[in-house]
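Colleague: Pasting in a structure now, in structure tokens, and then I'll have a few things to ask.
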Amino acid sequence: MSTWKEYTVADIVSTVIDYRGKTPKKLGGDWSDSGYRALSAKNIKTGKIVQPDSIRCVSEDMYKAWMKEEIQREDILITSEAPFGQIYFWNSDEKIVLSQRLFAIRVNGQFYPKYIYFYMTSSFFQAELDGRATGTTVVGLRQPELLKCKVLAPSYEEQRVIAETLWCLEQKINHNEEINNNLEQQAQAIFSNEFLALETLPEGWKQAGLIDIADYRNGLAMQKYRPDADEIGIPVLKIKELRQGFCDNNSEVCSSNIKREYVIHDGDVIFSWSGSLLVDFWCGGICGLNQHLFKVTSNEYDKWFYYSWTKHHLYRFIAVAADKATTMGHIKRNELSKAEVLIPNETDYNRIGALIKPIYDLIIANRIENKKLAETRDSLLSKLMSGEIDVSDLEI
């Protein structure tokens, strides 16, 4: 049976790298078109580097002036605010700059770095981070509070076995996401070639608007549909959940007895029309549709068709919403009517669908698999700590 001991972050680190708030301007310089990448908190989502196009660079001189302590392979990056508590395991030899609202820790030789990374992503550690955060308008964490956070760990060898098991699951998730990114590019290329590259309208094709090919059903104000006292309820799908791709412990809950047209299932197309405009396949399990989100369906056309056309018009919708924005940008239904689509004749519709539909079916299947893999990964550490599973039962 494993023996778990309690430590603090201060016990497990050899180095804390904290340059939060530094900018080239404060160091007497400026950003560069090339050189060393400068990651900020907005680029870190637990387990991922996101918004890569927003990452700016600094010159070598600026890098030397900025990074007195360089980031090394197996350092753990932690966002201190906005977004708060995101964790990333740096598994590269690339030299990077630690920019806004982001710091890193380096684990000492008594601990297995990947294990500490996974422990920091766990609900146990995240709950303590939340408890130690301060601020009202901007919630953040300071280094002294981070160092007080508790970490539970077994022996070094058991840490290694646990971490490598979890790492295999995470790599499978990342691999599926890479496949899906490639598949999405393929689908968009086919759509562009079949519809957007046309110079004349083929025989039997017709023009219409988005509103003519699909039903865009707005969600409910779910605060009016709370579960009864003896009801478990289901999570509420809001913009935050759509953006992150899953519901979590902070998601609101609504009654499961809402009308079925407002219940969302895996594979449904969801379009956020207010605030952060985006359209995506939902693969985060059963939930209730909140207002400011459209559930997109059709009794006449297939999912690949209305998803592709909605996604095609998304950038224009974003521009329209930004132009009209006062506090929160949005689009109105008349914009859906004005968004032009091309409807093929039956033969061409079936031909194009035979190319695109299997791609989106595979994307949805991969996402559902990733959800199950993530649930396995996230629950395994808890079961090991509780003794439900022993480390000796794991194989890597």
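Colleague: What pairs come out if I take residues in segment 328-349 that are more than 15 Å from HIS292 (Cα to Cα) and pair them with residues that are exposed (fewer than 12 other Cβ atoms within 10 Å of the Cβ) and of a type in the set (Asp, Glu) whose C-beta lies under 6 Å away, six or more apart or interchain?
Modeller: The qualifying pairs do not exist here.
Colleague: Out of curiosity, is ALA38 surrounded by fewer than 16 Cβ atoms within 10 Å (Cβ to Cβ), in the same structural domain as MET120 (by TED's automatic domain parsing) and in contact with a helix residue (DSSP H, G or I) (Cβ under 9 Å, 6 or more places away or on another chain)?
Modeller: Values: surrounded by fewer than 16 Cβ atoms within 10 Å (Cβ to Cβ): no; in the same structural domain as MET120 (by TED's automatic domain parsing): yes; in contact with a helix residue (DSSP H, G or I) (Cβ under 9 Å, 6 or more places away or on another chain): yes.
Criteria not met by ALA38.
Colleague: Continuing with the same structure: What are the residues in segment 76-110 that are among the hydroxyl-bearing types (Ser, Thr, Tyr) and part of a strand (DSSP E or B), if any? Can you show your working first?
Modeller: Within segment 76-110, the subset among the hydroxyl-bearing types (Ser, Thr, Tyr) is 79-80, 88, 92, 99.
Of everything in segment 76-110, those that are among the hydroxyl-bearing types (Ser, Thr, Tyr) and part of a strand (DSSP E or B) turn out to be THR79, TYR88.
Matching residues to (1) loosely packed, with under 13 Cβ neighbours inside 10 Å; (2) modelled with pLDDT under 95:
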position: ILE270; (1), (2): no, no
position: TRP273; (1), (2): no, yes
position: TYR306; (1), (2): no, no
position: ASP323; (1), (2): yes, yes
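Colleague: For ILE368, indicate whether it is under 17 Å from TYR307 (Cα atoms) and either modelled with pLDDT under 95 or in a helix (DSSP H, G or I) (or both).
Modeller: The answer is no for ILE368.
Colleague: Could you check segment 275-300 and list, in sequence order, the residues that are at positive phi and at pLDDT 95 or above?
Modeller: From segment 275-300, those at positive phi are 275, 285, 292; that's our starting set.
Within segment 275-300, GLY285 is the sole residue that qualifies.
Colleague: Within 19 Å of ILE363 (Cβ to Cβ), surrounded by fewer than 19 Cβ atoms within 10 Å (Cβ to Cβ) and not assigned by TED's automatic domain parsing to the domain that holds ASP378 - does that describe any residue in segment 229-240?
Modeller: no
Colleague: OK, next. Only one of (1) in the same structural domain as CYS168 (by TED's automatic domain parsing); (2) surrounded by 14 or more Cβ atoms within 10 Å (Cβ to Cβ); (3) of a type in the set (A, V, I, L, M, F, W, C) is not met by PHE317, so which one is it?
Modeller: Every listed condition holds for PHE317 apart from (1).
Colleague: Can you tell me how many residues within segment 362-396 are among the aliphatic types (A, V, I, L, M) and closer than 24 Å to CYS283 by Cβ? Walk me through it before giving the result.
Modeller: First, pick out the residues of segment 362-396 that are among the aliphatic types (A, V, I, L, M): 362-365, 368, 373-374, 380-381, 384-385, 389, 391, 394, 396.
So of that shortlist, the ones also closer than 24 Å to CYS283 by Cβ come out as 362-365, 368, 373-374, 380-381.
Total meeting the criteria: 9.
Colleague: Let me ask something else. Quick one: count up the residues across segment 204-252 that are of a type in the set (A, V, I, L, M, F, W, C) and farther than 29 Å from GLU369 by Cβ. Steps first, answer last, please.
Modeller: To start, the set of residues in segment 204-252 that are of a type in the set (A, V, I, L, M, F, W, C) comprises 205, 208, 210-211, 213-214, 220-222, 229, 232, 234, 236-237, 239, 242, 246-247.
The next check asks that each one be farther than 29 Å from GLU369 by Cβ; those that pass are 205, 208, 210-211, 213, 220-221, 229.
Going through segment 204-252 one residue at a time, the tally reaches 8.
Colleague: Output the residue which, of all residues in segment 243-279 that are assigned to a helix (DSSP H, G or I) and not polar (S, T, N, Q), is nearest to the chain's Cα centre (by Cα). Even if it seems obvious, please write down each step before you answer.
Modeller: Looking only at segment 243-279, we keep the residues that are assigned to a helix (DSSP H, G or I), and these are 243-244, 260-262.
Subset that is not polar (S, T, N, Q): 243, 260-262.
Details: ARG243: 6, ARG260: 27, GLU261: 26, TYR262: 23 Å.
The residue in question is ARG243.
Colleague: Quick check on this structure: which one of SER337, SER379 is polar (S, T, N, Q), part of a helix (DSSP H, G or I) and within 25 Å of GLY219 (Cα to Cα)? Even if it seems obvious, please write down each step before you answer.
Modeller: Working: SER379 fails: within 25 Å of GLY219 (Cα to Cα).
Every option except SER337 fails the conditions.
Colleague: Something else: Please enumerate the residues belonging to segment 111-149 that are of a type outside the set (A, V, I, L, M), closer than 16 Å to PRO83 by Cβ, touching a residue at least 24 places away in the same chain (Cβ under 8 Å) and not in a helix (DSSP H, G or I).
Modeller: Answer for segment 111-149, where residues must be of a type outside the set (A, V, I, L, M), closer than 16 Å to PRO83 by Cβ, touching a residue at least 24 places away in the same chain (Cβ under 8 Å) and not in a helix (DSSP H, G or I): GLY135, GLY140.
Colleague: Could you tell me which numbered condition ASP393 fails, if it satisfies all but one of (1) of a type in the set (Asp, Glu); (2) outside the structural domain of ASP280 (by TED's automatic domain parsing); (3) surrounded by 12 or more Cβ atoms within 10 Å (Cβ to Cβ)?
Modeller: (3)
Colleague: Oh, and also: Does ASN193 satisfy the criteria of being surrounded by fewer than 16 Cβ atoms within 10 Å (Cβ to Cβ) and of a type in the set (S, T, N, Q)?
Modeller: On the way: surrounded by fewer than 16 Cβ atoms within 10 Å (Cβ to Cβ): yes; of a type in the set (S, T, N, Q): yes.
So ASN193 fits the description; yes.
Colleague: Can we say HIS312 is at pLDDT 95 or above and either in the same structural domain as ARG367 (by TED's automatic domain parsing) or within 20 Å of the chain's Cα centre (by Cα) (or both)?
Modeller: Working: at pLDDT 95 or above: yes; either in the same structural domain as ARG367 (by TED's automatic domain parsing) or within 20 Å of the chain's Cα centre (by Cα) (or both): no.
Considered against the rule, which asks whether it is at pLDDT 95 or above and either in the same structural domain as ARG367 (by TED's automatic domain parsing) or within 20 Å of the chain's Cα centre (by Cα) (or both), HIS312 comes out as no.
Colleague: Based on this model, can you work out whether ARG37 counts as touching a residue at least 60 places away in the same chain (Cβ under 8 Å) and outside any loop (DSSP other than H, G, I, E, B)? Outline the logic, then answer.
Modeller: Numbers: touching a residue at least 60 places away in the same chain (Cβ under 8 Å): yes; outside any loop (DSSP other than H, G, I, E, B): yes.
Yes: the conditions hold for ARG37.
Colleague: Against the definition (touching a helix residue (DSSP H, G or I) at 6+ places or on another chain (Cβ under 8 Å) and modelled with pLDDT of 95 or more), how does ALA10 come out, yes or no? Outline the logic, then answer.
Modeller: On the way: touching a helix residue (DSSP H, G or I) at 6+ places or on another chain (Cβ under 8 Å): yes; modelled with pLDDT of 95 or more: yes.
Yes; evaluated as a whole, the condition is true for this residue.
Colleague: Here are GLY109, GLY131: which of them is over 29 Å from TYR36 (Cα atoms) and over 21 Å from the mean Cα position of the chain (by Cα)?
Modeller: Working: GLY109 fails: over 29 Å from TYR36 (Cα atoms).
Selected residue: GLY131, the only one of GLY109, GLY131 that is over 29 Å from TYR36 (Cα atoms) and over 21 Å from the mean Cα position of the chain (by Cα).
Colleague: Looking at segment 203-228, which of its residues are surrounded by 12 or more Cβ atoms within 10 Å (Cβ to Cβ) and more than 30 Å from ASN257 (Cβ to Cβ)?
Modeller: Just the residues of segment 203-228 that are surrounded by 12 or more Cβ atoms within 10 Å (Cβ to Cβ), to begin with: 204-205, 208-220, 222, 225-227.
Residues satisfying the conditions are GLY204, TRP205, ALA208, GLY209, LEU210, ASP212, ILE213.
The values are calculated or read from the model by the stated rules, or taken from the named source; none is laboratory data. Just so it is clear, the structure is predicted and the values come from calculations on it, not from any experiment. We place every Cβ from the backbone using ideal geometry, glycine too, and count neighbours over all the protein chains shown.
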